[in-house]
Each structure stands twice: as C-alpha cells, then as structure tokens.
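**Q** Questions regarding the structure given below will be posed in turn.
The values are calculated or read from the model by the stated rules, or taken from the named source; none is laboratory data. Note that the structure is predicted; figures quoted are calculated from it, not measured. No Cβ is skipped: glycine too gets one built from the backbone with ideal geometry, and neighbour counts run over all protein chains shown. Quick note on the areas: whole protein, heavy atoms, side chains included, nothing else; ligands and nucleic acids left out. Shrake-Rupley method; radii C 1.70, N 1.55, O 1.52, S 1.80 Å.
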Amino acid sequence: MTTYVLVHGAWHDGRCWHRVAPLLSAHGHRVLTPSLTGHGDRAGLLGPEVGLTTHVDDVVGLIDEQNLEDVVLVGHSYAGMVVSGVADRVPERVARLVFLDAMVPVHGESAVDVMPFSQALIDAAAAGPHPWRIPPLPELPAPRGLFGVTDPEDVAWLRTTLGDESVRCFQEPVRLDNPAQESIPRVHIHCVGQEPAGVTRRPVPAPRPGGVPARVHELRTGHDAMLTEPAALAALLLDLG
C-alpha cells in the first residue's frame, strides 16, 4: 500500500481531487486530500497572516498526526512551494515528490520569484479594499477556461470550491536548506497544450548531489488535470507506487 498526500494549489481546496482519489483508493492505496488553511472547510481561517509557512505546517502536521511514512507527496501549482517546504522539514517521511504543473523553487525563493506574473495579482489586490487577499483568476475563453477547465458543468462546480488567497502565500520565501531533502526522488508532470501567453515553465532542475534524475511526464490537458484528465493522472501516480 502506498500513501498519497495530494495538496491542492492556490484558490482551490481538497475537493479538487475528488475524481483522482477514488481511482487511487480502488487499488488499495491510502489517499489524503487536505484543505489548506483558508480553503474549503477551513476557509474561515483565511487572514493576512496566512502564508506559505502556514501551509507547510498544515501538511507537516497531517503527516505527524497520522504518523505517515513513505509518503508520495503531490503538489499542484502553488503547492509545489508547499511540498518542497514539507520535504525540507520531514524528508525522512517522504518517499517521492510529485510536482503537478507546479512551481519548483530553490532555497529562499517565493512564489513571485518562481512565477513573476504573480506580482501583478498582488498589485491588483493592493488597489482594492482588501489588499491582503487575492481573488481567484477569472475564466478565460476556451481552450484556457477556468484553470484549464472548459466543460460548463465542471466550471460551475469548480467555481463553488474556489476562494481567495492571502498575499503572504505568494511573498513568503521557502526554506530548503536541509541536505536530506535533496536525495528525495522527484517527478514532474507538465500539463501542455494550453499554456498561457507570457508564462514560461522553468527547466526541470538538475539532479542534486546524491540525488537521482527527475522523471518528467506530459499530459495534454489544462492546468487542473485532476479534473480534466483524472484517469490519466491517476495512472501516472499509480505507476509511482
């Protein structure tokens, strides 16, 4: 049995994995899909003090509370920052890191450093009545849709799950100075074919000292692959277990 911890990205909550989690569980694996502070059933906790460290603490706390070992830790989008920070804190608990169309930072970087266009979202929030909170990205014309989701029913459902994000989540730097995390195997799953103009994906990092080369897979789908291609995504994750 493999233990998967699936961590949602900015503005989403743990419900976004509702199509993938059963596919993993059907093979006898344990799957946890927490909602980070400020999202889902924890939306009421959102405040200007919520940041990247808060979300790293959320996942580390879950791993400790559930006494999880050999975790396949999956981070979508912004959660690439989160799972990187978790791996730095508890590397002995993480068997593999999976970056699903995710930010891939180095020590001391913030989400704005990794994805500079995020600064425009912060600037726009600063001009509004609540300068510490950033609303979800708007729906765009097909094929980009809402986070890459274009089916009308799926878009309507996704809207009900989205919430604001704290500016601090994008500004707080990640800590990655624990040498033990460098040897954790990494997998990158890139969603291709609908990349927004002006957004450049970073090259996959070279192997760390003592590490192994990262595996790279592509899914021809929008950003929220867990909704648009759940079976293909689950198949990739099962291949890791």
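**Q** If you check D64 against the conditions, is it more than 23 Å from V20 (Cβ to Cβ) and either at pLDDT below 95 or open to solvent by 10 Å² or more (accessible area, probe 1.4 Å) (or both)? Let's see the steps before the verdict.
**A** On the way: more than 23 Å from V20 (Cβ to Cβ): yes; either at pLDDT below 95 or open to solvent by 10 Å² or more (accessible area, probe 1.4 Å) (or both): yes.
Yes; evaluated as a whole, the condition is true for this residue.
**Q** Working only within the range 158-167, note down all residues that are open to solvent by 20 Å² or more (accessible area, probe 1.4 Å) and among the aliphatic types (A, V, I, L, M).
**A** Listed by number, the list holds a single entry, L162.
**Q** Could you list, in sequence order, the residues of the range 20-31 that are hydrophobic (A, V, I, L, M, F, W, C) and open to solvent by 10 Å² or more (accessible area, probe 1.4 Å)?
**A** The first filter runs over the range 20-31 and keeps only residues hydrophobic (A, V, I, L, M, F, W, C), leaving 20-21, 23-24, 26, 31.
Those that are hydrophobic (A, V, I, L, M, F, W, C) and open to solvent by 10 Å² or more (accessible area, probe 1.4 Å): A21, L23, A26, V31.
**Q** For the range 156-198, which positions are in contact with a Lys or Arg (Cβ under 8 Å, 6 or more places away or on another chain), among the hydrophobic types (A, V, I, L, M, F, W, C) and closer than 17 Å to V112 by Cα?
**A** Once the filter is applied, which keeps residues that are in contact with a Lys or Arg (Cβ under 8 Å, 6 or more places away or on another chain), among the hydrophobic types (A, V, I, L, M, F, W, C) and closer than 17 Å to V112 by Cα, the range 156-198 yields only V167.
**Q** Against the condition touching a residue at least 24 places away in the same chain (Cβ under 8 Å) and surrounded by fewer than 17 Cβ atoms within 10 Å (Cβ to Cβ), how does V212 come out, does it pass?
**A** Taking the combined requirement at face value, the residue satisfies it.
**Q** Exactly one of these conditions fails for D101: (1) more than 13 Å from L6 (Cβ to Cβ); (2) out of contact with any Ser or Thr (no Cβ under 8 Å at 6 or more places or on another chain). Give me its number.
**A** Exception for D101: condition (2).
**Q** So if I check each of A156, A142, A95, A124, which one is more than 16 Å from the chain's Cα centre (by Cα), in a strand (DSSP E or B) and either under 29 Å from T221 (Cβ atoms) or not hydroxyl-bearing (S, T, Y) (or both)?
**A** From the options A156, A142, A95, A124, the qualifying one is A95.
**Q** Being closer than 16 Å to V82 by Cβ, assigned to a helix (DSSP H, G or I) and open to solvent by 10 Å² or more (accessible area, probe 1.4 Å) is the filter here; which residues of the range 168-180 pass it?
**A** Listed by number, the residues that qualify are R168, Q171.
**Q** On to the next question. Do we find a residue being in a strand (DSSP E or B), open to solvent by less than 10 Å² (accessible area, probe 1.4 Å) and on the phi < 0 side of the Ramachandran plot anywhere in the range 6-19?
**A** Yes.
**Q** Taking only the range 78-96 into account, find how many residues are open to solvent by less than 30 Å² (accessible area, probe 1.4 Å) and either at positive phi or of a type outside the set (A, V, I, L, M) (or both).
**A** 6
**Q** Please go through (1) closer than 19 Å to L176 by Cβ; (2) surrounded by 15 or more Cβ atoms within 10 Å (Cβ to Cβ) for V106 and return the number of the only condition it doesn't satisfy.
**A** (2)
**Q** From the list P34, P48, which one is open to solvent by 50 Å² or more (accessible area, probe 1.4 Å), part of a loop (DSSP other than H, G, I, E, B) and either of a type in the set (D, E) or on the phi < 0 side of the Ramachandran plot (or both)?
**A** So the residue among P34, P48 that is open to solvent by 50 Å² or more (accessible area, probe 1.4 Å), part of a loop (DSSP other than H, G, I, E, B) and either of a type in the set (D, E) or on the phi < 0 side of the Ramachandran plot (or both) is P48.
One line per residue, one yes/no per condition, for (1) in contact (Cβ under 8 Å) with a residue 60 or more places away in the chain; (2) charged (D, E, K, R):
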| position | (1), (2) |
| --- | --- |
| L62 | no, no |
| N67 | no, no |
| V90 | no, no |
| V94 | yes, no |
| D101 | yes, yes |
| V114 | yes, no |
